[in-house]
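Everything below concerns the one structure shown next.
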Amino acid sequence: MGKFAREIQLTLITRPSLEKHFYRKSAFADGREYTFLDHLKMIGINAELEKTFLLTESEQIDTEQQLNDILDTQLQLKQKSWKAGVILTKLDERTMGVMFDERDLQRQGFAVCVRCHQVNTKEGLQDFMQTMLHEFLHTLNLRHNMGSLSIMGYPDQYQGGSREYYKKFNRHLTIYEHLHICHAPEDDIIPGGTPFSGGDVEVHNYARELSYFAGKKCICRDMRPMCSIL
């Protein structure tokens, strides 16, 4: 295994007025500012922006059906592949982000609502970036991990709330979430593979790998200092 556990190509779909937010930088507990793509590299995923589709400012993408229609029109993903769509939109004021693609070939797209995040504040930008990472990892079949410091947790459900979460949060994943990214069967992780189920929930499937890789040179071992073993 090389420097990265997985490589994936992304397509950004958004309005011209929202495009800049994809390139915003945010820092977590270590104080180092990174873009969304750079944060992914820090957890072993090399994601590259393959192309961008700019919609008109008036084009409606406010419902799940419209999200799916836009994804189908712009990406035309007819089979599983290491590709996924990122939609930055406004949605409604209650939806922060969603891995909306739960139809035939699932997990090929996610959307983040810019309106819900106060992206002009430090805290709002952190929340926006955490949501981007969280929804992206749903496309790789990671489930929610409530109450934890994991990317897959909800900051407001951490003990002490969002303020305490962001004091400690530094792109954490559990060792089992890392094992899923590194060693899950391809169909269980590749966008368009098996339906969304939260592949890392099958912890017993990785018990042997966890023991084996504990003494091996592997990206899981390299990433271990960042793991939150919960």
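The values are calculated or read from the model by the stated rules, or taken from the named source; none is laboratory data. Keep in mind that this is a model prediction, so the values were computed, not measured. Neighbour counts run over all protein chains shown; Cβ positions are idealised from the backbone, glycine included.
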message: Can you find a residue that is part of a helix (DSSP H, G or I), within 17 Å of K20 (Cβ to Cβ) and among the aliphatic types (A, V, I, L, M) anywhere in segment 130-141?
response: yes
task: Report yes if K20 is touching a strand residue (DSSP E or B) at 6+ places or on another chain (Cβ under 9 Å) and at negative phi, otherwise no.
output: no
message: Return the residues of segment 1-33 that are surrounded by fewer than 18 Cβ atoms within 10 Å (Cβ to Cβ), over 20 Å from T174 (Cα atoms) and aromatic (F, W, Y); say none if nothing qualifies.
response: Y23
- request: Inspect all residues belonging to segment 169-185 and state whether any of them is surrounded by fewer than 16 Cβ atoms within 10 Å (Cβ to Cβ) and closer than 30 Å to N68 by Cα.
  value: yes
message: Taking the conditions exactly as written (more than 30 Å from R163 (Cβ to Cβ), hydroxyl-bearing (S, T, Y) and surrounded by 14 or more Cβ atoms within 10 Å (Cβ to Cβ)), does T56 satisfy them or not?
response: no
- prompt: Looking at segment 143-162, which of its residues are out of contact with any strand residue (DSSP E or B) (no Cβ under 8 Å at 6 or more places or on another chain), in contact (Cβ under 8 Å) with a residue 40 or more places away in the chain and within 29 Å of T121 (Cβ to Cβ)?
  reply: H144, N145, S148, L149
query: Taking helices (runs of 4 or more DSSP H) that fall entirely within segment 144-226, which contain at least 2 residues that are touching an Asp or Glu at 6+ places or on another chain (Cβ under 8 Å) and either of a type outside the set (V, I, T) or modelled with pLDDT of 55 or more (or both)?
result: 161-168, 175-183
task: Working carefully through the options Q108, Q74, find the one that is out of contact with any His (no Cβ under 6 Å at 6 or more places or on another chain), crowded, with 21+ Cβ neighbours inside 10 Å and polar (S, T, N, Q).
output: Q108
